[in-house]
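Note sheet for the following structure.
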């Protein structure tokens, strides 16, 4: 008995899914790493850069809003974006 055409995975499909998986990991890993690193203390970032944070630290977000003037930049982005929506 002969197999139906398209029933088995073709080599092109396997290669394309493998390439997609590699590109997906290359794009998402830095984003995930940046997200969980944002919850670390400064010493923890340099001491153990690839580990998960030991505790939830929101001081980096507080500093970004106050020292980095992030609130103003966020307001400007919303002010420019809302009329275009």
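Give me the percent relative contact order of region 12-82, please, defined on Cα pairs under 8 angstrom at least 6 residues apart.
22 percent
What FRET efficiency comes out for the pair residue 8/residue 31, r = Cβ-Cβ distance, R0 = 35 Å, nearest 0.05?
Taking R0 as 35 Å, the efficiency between residue 8 and residue 31 is 0.50.
Apply 1/(1 + (r/R0)^6) to the Cβ-Cβ distance of residue 73 and residue 24, taking R0 = 41 Å, and write down the FRET efficiency to the nearest 0.05.
Efficiency for this residue pair is about 0.90.
Using only alpha-carbon positions, what ratio does the radius of gyration of the chain give when scaled by 2.2 N^0.38 Å?
1.87
Using only Cα atoms and rounding to the nearest 10 degrees, what angle (0 to 90) does helix 11-37 make with the longest principal axis of the chain?
10 degrees
Bear in mind that the values in this text are calculations on the coordinates, not laboratory data. Predicted model, so just to flag it, every value in this text is computed and none were measured. A quick note on method: Cβ atoms are made from the backbone with ideal geometry, for glycine too, and the neighbour counts reach across all protein chains shown.
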